[in-house]
Amino acid sequence: MLRRLLTATIAAAGLAAVLTAPTQPSAAAAEPTAAGAVFPTTAVGEDFPDPDVFEKNGTWYAYSTNNGRGHVPVATASSPTGPWQIRGDAMPAGPAPGWARSGRTWAPDVHPNDDGTYTLTYTAWHRASDKQCIGVATATSPLGPFTPVGTTPLICPLDLGGAIDANTFVANNGDRYLVWKNDGNAIQQPSTLWLTKTADNGKTLAGGNSALLTSEGISEAPDIVQRNGRYLLFFSTNGYSDCNYETTYATASSLTGPWTIAQRPLMTTKSFDAHVCGPGGADFVGDKVFLHGWVNGSRHMYVADVGWPNDLPVVRGSRVRTEAESGQLNRAVIRENSAGASGGRAVGYIDFADSWVENRVYAPVAGGYTVTVRYANGSQGNASHGLVVNGTSQGSVSYPWTGWNQWTDAKAALTLRAGWNTIRLTKGAMYAEVDYLELQ
């Protein structure tokens with residue numbers, strides 16, 4: 001038996017598992033995905049980009065950027081997963097004729113008001129400057145027709161490239177805001193995500209603009225969620241026109257920041273194993289997220305389950321990484337300076353009958369999932385680890401030979417309960433080291 005001598009540090013028992021945002025997996029992820037993973041469901045199987053969604057009196061309403069269905073296409077369903085039915089154009093007369101023209105009516109945001117009316121905030125083509133600006137419209141029904149308010153835009157900083165992607169946020173204390181982007185990308189300048197307080201059902205501005213995040217690249221489609229004392233600012237990055245578009249987020253303890261961007265993106269084409277191309281334009285609604293992705297030249301609307309462990313997001317189907325060395329170990333070691341391993345550390349010497357490494361993972365809902373184990377196997381043949389979930393065996397994970405410090409992925413399907421679960425890897429055939437686990 002060949003067994004390379006390792007320099008190791010004995011791991012302390014009881015280390016807490018570290019939950020991080022989903023990461024892009026390695027090229028090895030192109031291998032077939034185990035049956036356990038459940039990816040976002042197609043909600044609207046035609047062009048329906050930049051979805052904005054809410055539920056009212058048992059009916060779900062969704063709105064999209066303009067397309068062949070109209071200026072502001074609207075769809076309804078009896079549940080988040082559908083079936084969804086396109087109901088027509090919620091703003092059939094188009095954007096405000098006094099300042100806007102048709103053709104680029106983007107990223108609608110519809111908010112139900114306490115008085116039974118509805119406010120639509122939209123991005124439209126500014127007639128005088130050829131840039132994009134933000135307007136507002138109102139209706140007495142969520143299906144419309146929405147009528148534009150005023151003869152000038154609500155937000156239109158032309159010196160900053162215009163304004164796009166307004167989204168309503170109502171804080172727990174009842175204060176109402178718009179989060180939006182100045183379109184610096186249109187004039188080759190930095191773009192900032194801004195927060196502006198509003199009044200009169202969102203039809204007027206009630207304060208100055210607070211800068212949240214500024215980027216030299218593309219940061220757009222903002223959406224703010226408040227979870228207890230934590231604020232989460234979701235936004236899309238990279239160009240929207242291909243599969244490189246992705247969704248990430250930042251957190252803050254105050255609405256005006258400072259904001260800390262997550263270590264890894266939340267949703268990418270790779271984190272979904274290419275089941276969604278360019279996941280962006282996300283709208284988080286309770287325990288669901290609605291997003292768009294490219295399909296044959298148009299952007300379809302998808303829906304996925306979301307969990308909120310420690311008030312941080314986990315999207316079902318998108319990989320969430322947990323470093324193996326962050327878990328509990330028994331008769332195993334953390335190997336420092338592991339060449340090629342994430343963070344330079346890995347768990348080794350799972351060599352004895354009572355050896356194991358156990359990590360905690362979070363499942364938004366009960367059901368099937370896939371765990372991907374990043375491993376290296378320098379044994380003389382194939383290796384394996386036993387797979388114990390919440391104290392019950394669910395088979396094993398097989399590791400074809402790679403060589404030591406030659407890291408690749410192995411997958412296994414498993415069943416999890418909603419909420420926190422434990423995954424324990426135990427001694428199996430031969431020997432392998434573990435870098436991290438990714439759950440989807």
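The values are calculated or read from the model by the stated rules, or taken from the named source; none is laboratory data. Since we're looking at a predicted model, the values are computed, not measured. Glycine gets a Cβ as well: all are built from the backbone with ideal geometry, and neighbour counts include every protein chain shown.
A few comments on the model shown:
- Looking only at residues of region 240-258 that are within 26 Å of Val110 (Cα to Cα) and not hydroxyl-bearing (Ser, Thr, Tyr), we find that the one that is surrounded by the most Cβ atoms within 10 Å (Cβ to Cβ) is Glu246.
- Region 379-410: number of residues that are free of Cβ contacts under 8 Å to residues at least 40 places away in the same chain and part of a loop (DSSP other than H, G, I, E, B): 6
- Residue within region 339-346 that is in contact with a Phe, Trp or Tyr (Cβ under 6 Å, 6 or more places away or on another chain) and closer than 25 Å to Leu312 by Cβ present: yes
- Per-region count, region 413-431, residues touching a Ser or Thr at 6+ places or on another chain (Cβ under 7 Å) and of a type in the set (A, V, I, L, M, F, W, C): 3
- Here Gly391, Gly367 are screened, and the one residue that is among the small types (Gly, Ala, Ser), out of contact with any Gly (no Cβ under 9 Å at 6 or more places or on another chain) and modelled with pLDDT of 95 or more is Gly391.
- Among the residues making up region 117-151, those that are surrounded by 14 or more Cβ atoms within 10 Å (Cβ to Cβ) and at positive phi are Gly144, Gly150.
- In region 213-239, of all residues being crowded, with 19+ Cβ neighbours inside 10 Å and among the acidic types (Asp, Glu), the one that is farthest from the chain's Cα centre (by Cα) corresponds to Glu220.
- Residue check for Asp114: crowded, with 19+ Cβ neighbours inside 10 Å and of a type in the set (Asp, Glu): no
- Selection of region 174-193 for residues being buried (at least 19 other Cβ atoms within 10 Å of the Cβ) and among the hydrophobic types (A, V, I, L, M, F, W, C) yields Leu178, Val179, Trp180, Leu193.
- Cβ separations smaller than 6 Å between residues 6+ apart or across chains give the following pairs from region 45-70 residues that are within 21 Å of Asn296 (Cα to Cα) to residues that are aromatic (Phe, Trp, Tyr) and assigned to a strand (DSSP E or B): Pro51/Phe290; Thr65/Trp106.
- Failed criterion for Val333 (all others in (1) farther than 30 Å from Pro73 by Cα; (2) not assigned by TED's automatic domain parsing to the domain that holds Tyr362 hold): (2)
- Restricted to region 194-212, and to residues there that are touching a Ser or Thr at 6+ places or on another chain (Cβ under 6 Å) and closer than 20 Å to Ala250 by Cα, the residue that is surrounded by the fewest Cβ atoms within 10 Å (Cβ to Cβ) is Ala211.
- Residue check for Leu154: within 19 Å of Lys181 (Cβ to Cβ) and surrounded by fewer than 21 Cβ atoms within 10 Å (Cβ to Cβ): no
- Of the strands (runs of 3 or more DSSP E) lying entirely inside region 32-93, those containing at least 1 residues that are over 23 Å from the mean Cα position of the chain (by Cα) are 52-56, 59-63, 73-77, 85-89.
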